[in-house]
Each structure stands twice: as C-alpha cells, then as structure tokens.
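Report on the following structure.
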Amino acid sequence: MKISGFSYIRNGFTYQYPYLAAIQSILPLCDEFCIAVGNSSDETRGALVALNDPKIRIIDTVWDETMRGNGKIFAQQANIALNACTGDWLFHIQADEVMHEQDLPTIRAAIESVNDRPDIDGLLFDFLNFHGSYDYLNNTRKQHKKEIRVFRNGINAYAYRDSQGFRKYSSFAAYEAGEKGTKLRVTYVPVPVHHYSFVRPAEQMFQKWAYFRTFYGRDMDEPALHTLAQTETKPAPAAPSKVYDYYDIFRIKRFEGTHPAVMQPYIAAAPNDFDPTKIHHVQSLKDKIIYAIEDRLKHRFGEWKNYKLVK
C-alpha cells in the first residue's frame, strides 16, 4: 500500500503560509509528496529544494491570472498535483493545514483498515480553525467543521469547486465539462487538521485575504477591515496600511490542546497580541437562539457536508 501526499503553493513566504510545516507534518506517512509550485516572486521553490527530501516531487506551474471565479485556480492547481501521484491512497494537505505527529499512527491504521473495503472512498477529519492567534479557535458556523483529506487514487476524484473538498466524476473530461460529480463515501477518523489560515499578523492577513478573494470574483476591499489608525493607539502613519479585523467575530474559544512540533518555530515568532476583549461583532437574536440550541444538542444544523458518511 503506497500513500502519496499532494498540495500546491505560490508565494508561500509573501503570504506567510506554513507550507513547509504542512508538508513535513505528513511526510513520514507518505511514500512520495507531489506539489504544484506556481510561478512565485519569492523563495518558495528554493525552500522546497533546500529540504533535500527525495520523497518531494515539484511540478512547476504558471497560474492563469484570468481564472478569477469560484476559486477554480485552486482546484486546477490541486488537480495538477493530484494527477502526478502514483500512490494507492492520496493525502491532500493545504499550505495552511498541519497534522499533529501524534495522530499519524491513527491515520495510517485507519487507511489500512479500509484498504480492502471498496465501499469506502476516503477518510473524514475534524478541523481546528485557529483565529487571531495560536491560542484561540473560530467557534462560529462560518468555517468548515469537517472535511475529506485522504481518499483512494484511481476513482476519478478531483477537487470540487475550489480545493476544499473532492468528488468523484465519470472522467476528468466530464469534470472539466462541468459534471456535478458524486460525493465520496467516507469513514470518520477522530483526529484534527490544524488549520492556521487566520493567524497571520493583521496587516499580512489583509494582504493575503484581499488578494486571494479576487480568485473568487470578489473585490479587494470590504468593510471587514480597518486601518492601522483605527486599531492601534499610537499615531497613524502618513499612509495607513489596511489590516484584517480579527475582532469582527462573536464566538471564539480557547484552544486547550497542543500544536504539532513542526509549528513551534512559527508560534515562537508570532506576536501573540490578539486580545479577545476587543471582539465587537454584535450577534443577532436569531444567531443567539441557533447557537444556544446547537450548543445544547451538540449538533450543527444545516452543516455543509460534501461527503457521505459510512459507519
């Protein structure tokens, strides 16, 4: 049984992705790792080469800047790396997702347990969506709670919409022609993906957020940001930079677990200046009622499920 990891990246340092940690976190589980590296203006590719790991295979790509709708460019890049994989099972890890080393044996055991079960296409994991700092989690309905990250090769599974999830198609040609596809049949594995998308310094977070949202056909600017003059007590610079407003949220919770070892250098270098007392989003009465019911029942109503859970 061979396991292939795959991902994609472009300008990983510019937008402060922990992509090296993401790759290194699952590399012990993989027999190979295929990564589509877009045309970058920083040292993204050089850092991968410097790892000098024979498992890592780089596929050089050029991003189509005209592909600006529904995150299709991300699906395209994920599929390029996916199609280069030769393993029996595929492990997709995104550039801001990291697995904990203590969970790798559980994941391998889960893959082995379903390897001879044709009714199972993949594995479903929990997500820990960090927000503002490495100490807090987004506790709202606005980020995915679970997602597929491991699935079989050779079943015509490709990135669905952007690259958040995957579906099966009759063929790659049908996929490109717009076939809707069918949801993968998965089994749940109780280990989390540590998702570090929203932990950058606020100024860098805005730069990343503003640029990447254009690939969904959205504007660069939006009310969910402030200027440095609005968020700091010191005098504003002559030309204030825009920063992401981490405090426009109404539910967070303290993270009580441990971070993957490969993330320790990132955590040590973080400013750690997120102050939860500054949260200012006003929760509507409707949301208060919904969250109160969900907290009591421990069930999320209307949760997005791009999978079919097989028990």
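Just so it is clear, none of the values below were taken in a lab; they were calculated from the coordinates. What you see is a predicted model, and the numbers here were worked out from it, not measured in a lab. Neighbour counts run over all protein chains shown; Cβ positions are idealised from the backbone, glycine included.
Data for the structure
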{"read-out": "The chain: C-alpha pair distances exceeding 26 Å, %", "value": "49 percent"}
{"read-out": "Between 0 and 90°, nearest 10: helix 72-83 axis offset from the chain longest Cα axis", "value": "30 degrees"}
{"read-out": "On Cα atoms only, tilt of 285-297 relative to the major axis of the chain in degrees", "value": "50 degrees"}
{"read-out": "Residues of type lysines that Lys145 reaches as a straight line, Cα spacing below 16 Å, ignoring anything fewer than 8 places off in the same chain", "value": "Lys253, Lys298, Lys305, Lys308"}
{"read-out": "Values of log10 I(q)/I(0), in the order q = 0.16 Å⁻¹, for the stretch 131-209 under a Debye, Cα-only, solvent-free model", "value": "-0.78"}
{"read-out": "Cut-off 14 Å, label 7 Å out along Cα→Cβ of Lys305, residues of the stretch 115-150 by amide N", "value": "124-125, 145-148"}
{"read-out": "Per-residue [θ]222 nm for the chain (sum of -39500 (n - 2.57) over DSSP H runs n ≥ 4, rounded to 500)", "value": "-7000 deg cm²/dmol"}
{"read-out": "Distance between the stretch 68-96 and the stretch 260-278 - C-alpha centres, whole angstrom", "value": "28 Å"}
{"read-out": "Net charge of Cβ neighbours under 10 Å - reference Val310; Lys, Arg +1; Asp, Glu -1", "value": "+2"}
{"read-out": "Rounded FRET efficiency, nearest 0.05, which uses the C-beta distance separating Lys278 from Val49 and R0 of 35 Å", "value": "0.25"}
{"read-out": "Charge context of Met263, other residues only, Cβ under 15 angstrom, K/R +1, D/E -1", "value": "-4"}
{"read-out": "Largest to smallest principal axis extent of the C-alpha atoms in the stretch 8-89, angstrom", "value": "36, 29, 18"}
{"read-out": "With Cα atoms, 0 to 90° folded angle of helix 202-213 axis to the chain main axis", "value": "50 degrees"}
{"read-out": "Computed FRET value (nearest 0.05) for Met1 with Ala177, which takes r as the C-beta separation and R₀ as 41 Å", "value": "0.80"}
